[in-house]
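**Q** Input: one structure, supplied below.
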Amino acid sequence: MIYGKGYVVFKKILFLISAIALLIVRFDERNLPSPDGAEVIAKNTYVLYDYTVSSQGVTNDGEFFYFSGNETLGKADMESGDIYLINVDAIPQVLKDRGCNHIGGLSYFNGYVYAAIEDGPDYLNSFIALYDADTLEYSGTYYELPHELHLEGVPWCAVDVERNYLYTAEWSNAEVLNVFSLDNMGLVKTIPLSERIDRIQGAELYDGKLYMSCDEENDLKRIFTLDVETGEVEVLFTRNVGKVFEAEDITVYTDDDGELIICVLDRGERRMSNNLTFYKCTQN
């Protein structure tokens, strides 16, 4: 089921409750240190039902943000950040029949949202499913990924429009980047990484590099870049999001001045709130 304008009215009824929840979130975050190598320029916080539809993945098409929850998809205006369209039962039955119960990271291309879908905690079946970006309806197209390359599922995917590729990697201690053809999702090649990357939660491509968010097992959540030609891995900047947040997906875009904006989604399960934080790098 997909909700549109009626959901916006429902949200207005809950405005007061949301405001109180936001005050609690802001109070908990008041002493967090600034990131090293970047500055925070904005933050959207999602609470209550918005939390459930924006807790896993994020991507954008330059006009809208697209979010995923465990089994949901959401669409938000990029200017306001308001989620106004949701698909509350986004995993198609054909994938539910294979045990799928979790939507991870997202990517956008040519009118479709590409969603990484898996069957945790067994992680025997990993898929990429396509959704109509206008309606968030399942398109009827999905691709199964090779299990031997996704032993811990497929937490994210990233489209490379220029090269006509889609990228994935192992979640834990990834040693290679998996490269698939967008035409049929056949494996093209794997690219060895210059160093292992652990707990990759999301990635988005810009100018030949993947920008990667990792949920490292401490308060510091680094943002990496990965050159898709050479496999070279570098730390871009380091964030401290506190103990209550889990780093999730990442998306990027350029502002009106051509500067790169990096948006990272963090999930605060204990407080039922998510932050989409907007960063600009302060170093070359």
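**Q** Considering only the range 203-229, state which residues are among the polar types (S, T, N, Q) and more than 14 Å from ARG267 (Cα to Cα).
**A** Matches in the range 203-229: ASN218, THR225.
**Q** Then there is this: Looking at the range 217-233, which of its residues are farther than 18 Å from ALA38 by Cβ and among the hydroxyl-bearing types (Ser, Thr, Tyr)?
**A** Result: THR230, single match.
**Q** Please find, within the range 25-64, the residue that is nearest to TYR84 (Cα to Cα) out of those that are at pLDDT below 85 and surrounded by 13 or more Cβ atoms within 10 Å (Cβ to Cβ).
**A** TYR49
**Q** Return a yes/no flag: does the range 137-157 have any residue that is surrounded by fewer than 22 Cβ atoms within 10 Å (Cβ to Cβ) and under 16 Å from the mean Cα position of the chain (by Cα).
**A** No, the range 137-157 contains no residue that is surrounded by fewer than 22 Cβ atoms within 10 Å (Cβ to Cβ) and under 16 Å from the mean Cα position of the chain (by Cα).
**Q** I've got another one for you. Determine, yes or no, whether LEU124 is of a type outside the set (S, T, N, Q) and not in a loop (DSSP other than H, G, I, E, B).
**A** no
**Q** Out of all the residues in the range 248-256, is one or more under 22 Å from GLN283 (Cα atoms), in a loop (DSSP other than H, G, I, E, B) and more than 20 Å from the chain's Cα centre (by Cα)?
**A** Scanning the range 248-256 turns up at least one residue that is under 22 Å from GLN283 (Cα atoms), in a loop (DSSP other than H, G, I, E, B) and more than 20 Å from the chain's Cα centre (by Cα).
**Q** Against the definition (touching a Gly at 6+ places or on another chain (Cβ under 6 Å) and within 25 Å of GLY69 (Cα to Cα)), how does PRO146 come out, yes or no?
**A** Against the criterion (touching a Gly at 6+ places or on another chain (Cβ under 6 Å) and within 25 Å of GLY69 (Cα to Cα)), PRO146 does not qualify.
**Q** Follow-up question, since we're still on this one. Are there any pairs, at least 6 apart or on different chains, whose C-beta atoms fall under 7 Å, with the first in the range 174-200 and within 17 Å of ALA129 (Cβ to Cβ) and touching a residue at least 60 places away in the same chain (Cβ under 8 Å) and the second among the small types (Gly, Ala, Ser) and surrounded by fewer than 18 Cβ atoms within 10 Å (Cβ to Cβ), and if so, which?
**A** Qualifying pairs under 7 Å: none.
**Q** Suppose we filter VAL235, VAL244 for residues that are out of contact with any Leu (no Cβ under 9 Å at 6 or more places or on another chain), hydrophobic (A, V, I, L, M, F, W, C), farther than 29 Å from ASN110 by Cα and not in a loop (DSSP other than H, G, I, E, B); which single one remains?
**A** Just a single option satisfies the conditions, and that option is VAL235.
**Q** Go through the residues of the range 166-180 one by one and say whether even a single one is crowded, with 16+ Cβ neighbours inside 10 Å, polar (S, T, N, Q), more than 14 Å from ASP227 (Cα to Cα) and in contact with an Asp or Glu (Cβ under 7 Å, 6 or more places away or on another chain).
**A** Within the range 166-180, not a single residue is crowded, with 16+ Cβ neighbours inside 10 Å, polar (S, T, N, Q), more than 14 Å from ASP227 (Cα to Cα) and in contact with an Asp or Glu (Cβ under 7 Å, 6 or more places away or on another chain).
**Q** Hey, another quick one. Restricting attention to the range 230-247, does a residue exist that is closer than 23 Å to VAL161 by Cβ, of a type in the set (A, V, I, L, M) and within 17 Å of the chain's Cα centre (by Cα)?
**A** There is no residue in the range 230-247 that is closer than 23 Å to VAL161 by Cβ, of a type in the set (A, V, I, L, M) and within 17 Å of the chain's Cα centre (by Cα).
**Q** Could you tell me whether any residue of the range 207-222 is at pLDDT 95 or above, out of contact with any strand residue (DSSP E or B) (no Cβ under 9 Å at 6 or more places or on another chain) and in a loop (DSSP other than H, G, I, E, B)?
**A** Checked the range 207-222: no residue is at pLDDT 95 or above, out of contact with any strand residue (DSSP E or B) (no Cβ under 9 Å at 6 or more places or on another chain) and in a loop (DSSP other than H, G, I, E, B).
**Q** While we're looking at this one, here's another question. What's the number of the only condition in (1) out of contact with any helix residue (DSSP H, G or I) (no Cβ under 9 Å at 6 or more places or on another chain); (2) assigned to a strand (DSSP E or B); (3) β-branched (Val, Ile, Thr); (4) in contact (Cβ under 8 Å) with a residue 24 or more places away in the chain that THR230 fails to meet?
**A** With respect to (1) out of contact with any helix residue (DSSP H, G or I) (no Cβ under 9 Å at 6 or more places or on another chain); (2) assigned to a strand (DSSP E or B); (3) β-branched (Val, Ile, Thr); (4) in contact (Cβ under 8 Å) with a residue 24 or more places away in the chain, THR230 is out only on (2).
**Q** If I go through the range 239-260 residue by residue, how many of them are among the small types (Gly, Ala, Ser) and surrounded by fewer than 12 Cβ atoms within 10 Å (Cβ to Cβ)?
**A** 1
**Q** Can you tell me which of ILE86, ILE103, ILE128 is closer than 25 Å to GLU246 by Cα and more than 15 Å from the chain's Cα centre (by Cα)?
**A** Sole residue among the options that is closer than 25 Å to GLU246 by Cα and more than 15 Å from the chain's Cα centre (by Cα): ILE86.
**Q** A follow-up question, please. Within the range 137-161, count every residue that is in a loop (DSSP other than H, G, I, E, B), touching a Leu at 6+ places or on another chain (Cβ under 7 Å) and over 17 Å from LYS96 (Cβ atoms).
**A** 2
**Q** Output the number of residues of the range 181-205 satisfying the condition of being buried (at least 17 other Cβ atoms within 10 Å of the Cβ) and assigned to a strand (DSSP E or B).
**A** Of the residues in the range 181-205, 9 are buried (at least 17 other Cβ atoms within 10 Å of the Cβ) and assigned to a strand (DSSP E or B).
The values are calculated or read from the model by the stated rules, or taken from the named source; none is laboratory data. These figures come from a predicted structure and were not determined experimentally. We place every Cβ from the backbone using ideal geometry, glycine too, and count neighbours over all the protein chains shown.
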